Structure formats: C-alpha cells, structure tokens
Amino acid sequence: MPLKGKHIVLGISGGIAAYKSAYLLRLLIRKGAEVQVVITPNGKEFITPATLAALSGKPVVSEFFAANTGEWHSHVDLGIWADLMIVAPATASTIGKMANGIADNMLITTYLSAKEQVMVAPAMDLDMWAHPSTQRNVSRLRQDGVIIVEPAAGELASGLTGKGRMEEPEKIVEAAEKYFLRQENKPLTGKRVVVSAGPTYENIDPVRFIGNYSSGKMGFAIANAFRQAGADVTLVAGPVGNDLKLYSGIRRINVRSALEMLEAMEKEFLCSDIAVCAAAVADYAPAEYADKKIKRAKTDGMTLHLVKNPDISARLGAIKGQRFLAGFALETDNELINALSKMERKNLDMIVLNSLRDEGAGMMTDTNKITILTREGNTYGYDLKSKREVAEDIVSFIAGHIGGDD
C-alpha cells in the first residue's frame, strides 16, 4: 500500500466538484494516508468543514488564524509535514493564483510553502478549461513540476458536455499511488547521466544568429525524470527560457553554440553511464563571424557561407564503449526508415522518434507523441502525453532496457 503512513494535504477550492473531495478523502484514509484538509473560503460554500473533519479526523484549515483563539495556522509547517499535496477540485481561479503566486488564501500560501510534490485535479466548465489563459496557467504549473491530473470529458454543471469534469477520486488516488511507487523505486540510483537540451545558436555577428524553435522542454523533463529515478544528472542546456525548472541536485552547464555543446557533452559522457541527446543542434553555422554588426545600409543583401556543425550524437557514438546512448529523430516523412538509419549511422542504442505530422508533438508544445526504436529491432509506440509523462516513459524504458527487460 504505497499511501500507507503518508502525510497528504488535500486542498479544496470552490467548485461544484467539491462534493467529490469527500469521496477522495475517504479513499485516501482507507489507503492508510493521514490527511489534512485545507479549504478556500469559497470551498466552504460547496462542502462543509464538519463533513471533512469527520472524515479526516482533523480540524479543517481555512483561515490564517483560528477565529476563537487567534492561533496561527502555519502553512510553512504544513509544507514540512506533507509528503504530497493534492488540490482537488482546482478551479480556474485557484490554478491562476497558483501559477502566478497570488497568496490571498490559506490554500495558496500552503502551496507556495510546499516542499513536497503537488498534484492538481482541475474542474471547470469546458470553455474555461479551453481558454488560453487557463491553458497558459496549467502549462506554467507543469513547468514548475506540478502533476496535472487531466479533467475528464462528460456532462458538466452548466448542462453542457465536454472536457472539464474533475477526474474521479479513484483515478486521482491511482495517480498518487503511482507517484509514491516511483519515489520508492529508484532504478537508476548510482548511475551517472548526461542530457542535452534546447537549441544551439550559431552567431553571424554580435546581434544575429542561426537557430531553431526548440524550447528545451523535452530535455529538461528528461533530466528531471532521471533525477526522480535516482540518477546523478548533468544537463547541458542551450539557450532556453528562464521559466524551465530543474529538480534540486541536477548540475546544469549552459552553452550557446554546437561546438560548445560538443565539448561539454564529450567531457561529461566520458564519466557517465548514460547519455540522452535531446538537444536540437543547428546543422550548420556561418563559416565566418563578423565581430561588428553588419549594417544593412551598407549592403544590398547578405549571402551566408554555411559549414556543417559537428554531429554530436555521432561523435558520442564513436566513443561510447559500454555506455548507453539515446538520441532523438524529428521527421516529416519516411519516419521509421529515417530514424532507423540515423540510429545505425550514429551507433545509438535507441532513438526516440517524433513526427511533425502528429498534432501536439515536436517543438514549442507542452505535449509529445513518441515512438521508441531499439538496436534489437523493437518498436514501441506511445500515446500523446505531457512532456513530463513522455520523459518518465523514456527514462522508465531506459532503466528497463539496461536491466535487460526489453
């Protein structure tokens, strides 16, 4: 029973799905967890603290201070006490406050103090769930490492039918159990891993460069998943946004160009057991660099002489020995043939194939759809998932492959 003895903070915000929180609370207790409920003021309009206190065996926390005694409810202490925080239901308002750090109630301050993993089960009408601001906030929470239990499709309180229903309590409990099982099972403890992520920028002059649209999200997610699996992780990151988060304990090396990334990856690979080349390295670089800005007024046009950048994964493949090496292939046609050829040519042990023909896959998205191919000739297809979940699938596959489970 992975939940037995675990301390869980259950956050409840003000939505009609709050009635499901009573069932969720009861299931968590039955699984052996100790649960502290934190509810927003609006949440109390949908379910009473008396019901929740009776089910949890603990007084429900809602305000910063107890009304009668003035006793302070410490959100900091809750963050230290808990092994997991579940916010269910999480309304659009609560998700927005969590994503932007608006600490105007006890639930949000508890979230901001949380040292434990946080899991969110959204619940709202279909139009609110689909709204760009909600999706932007959900994306930000994912980047911050929050586990999102996607809402289900079905009949909503508005009478409409669509995606927005809070997932059923049984499914949320399953997600919590899966999280703790991953925490307890660290299959890559003692393994040293290097991951590359993001684009490379190849300078033309001090203000111009050749690059690509890689966000680095997939590589960062893979580094986090390796760390979660117990590995000692180094991430070699090209120029990416500052909003990408890494778990504590991951060593990060920042680079800009393909040559800088090659130098860092070769050095780190020699003292690693596993390497995953997830970066989108620019294939070409300008043959010459202008040390001053090229003035448009002084030229009728610009012609760039480009030279090939080094093939980083192929260079690692040439020196890998007994190390495990994985790469990525982003293809638009003849996907399997091209990916297999790339794996063989670069001496990879496995390759992760993305197809730009799959909606939601590839660069600048929060989701991905992959196929894993191995040197043994096996092919494994996966459904469209968040990049965090895809990263967990990749790391789990590598752990199993190394252990001989393929």
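Structure above, values below:
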{"item": "Of the criteria (1) within 21 Å of Asp311 (Cα to Cα); (2) surrounded by 15 or more Cβ atoms within 10 Å (Cβ to Cβ), which one Tyr213 fails", "result": "(2)"}
{"item": "Hey, Val195 touching a Gly at 6+ places or on another chain (Cβ under 7 Å), open to solvent by less than 40 Å² (accessible area, probe 1.4 Å), among the aliphatic types (A, V, I, L, M) and in a strand (DSSP E or B) or not", "result": "yes"}
{"item": "When residues of the range 167-190 are limited to those that are more than 21 Å from the chain's Cα centre (by Cα) and part of a loop (DSSP other than H, G, I, E, B), the one surrounded by the most Cβ atoms within 10 Å (Cβ to Cβ)", "result": "Glu168"}
{"item": "Filter result for the condition that a residue is open to solvent by 50 Å² or more (accessible area, probe 1.4 Å) and either in contact with a strand residue (DSSP E or B) (Cβ under 7 Å, 6 or more places away or on another chain) or of a type in the set (A, V, I, L, M) (or both), over Ala297, Ala290", "result": "Ala297"}
{"item": "Flag if Ser139 is surrounded by 17 or more Cβ atoms within 10 Å (Cβ to Cβ), of a type in the set (S, T, N, Q), within 19 Å of the chain's Cα centre (by Cα) and part of a helix (DSSP H, G or I)", "result": "yes"}
{"item": "Tally of residues being at pLDDT 95 or above and in a loop (DSSP other than H, G, I, E, B) across the range 115-124", "result": "2"}
{"item": "Count of the range 282-306 residues which are aliphatic (A, V, I, L, M) and assigned to a loop (DSSP other than H, G, I, E, B)", "result": "6"}
{"item": "Any hit, the range 173-182, residues being within 30 Å of Asn242 (Cα to Cα) and touching a helix residue (DSSP H, G or I) at 6+ places or on another chain (Cβ under 7 Å)", "result": "yes"}
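The values are calculated or read from the model by the stated rules, or taken from the named source; none is laboratory data. For clarity, every value in this text was computed on a predicted model and none was experimentally measured. Cβ sites come from the backbone with ideal geometry, for glycine too, and all protein chains shown count toward neighbours. With ligands, DNA and RNA removed, areas are computed over all heavy atoms of the protein, side chains included. Shrake-Rupley method; radii C 1.70, N 1.55, O 1.52, S 1.80 Å.
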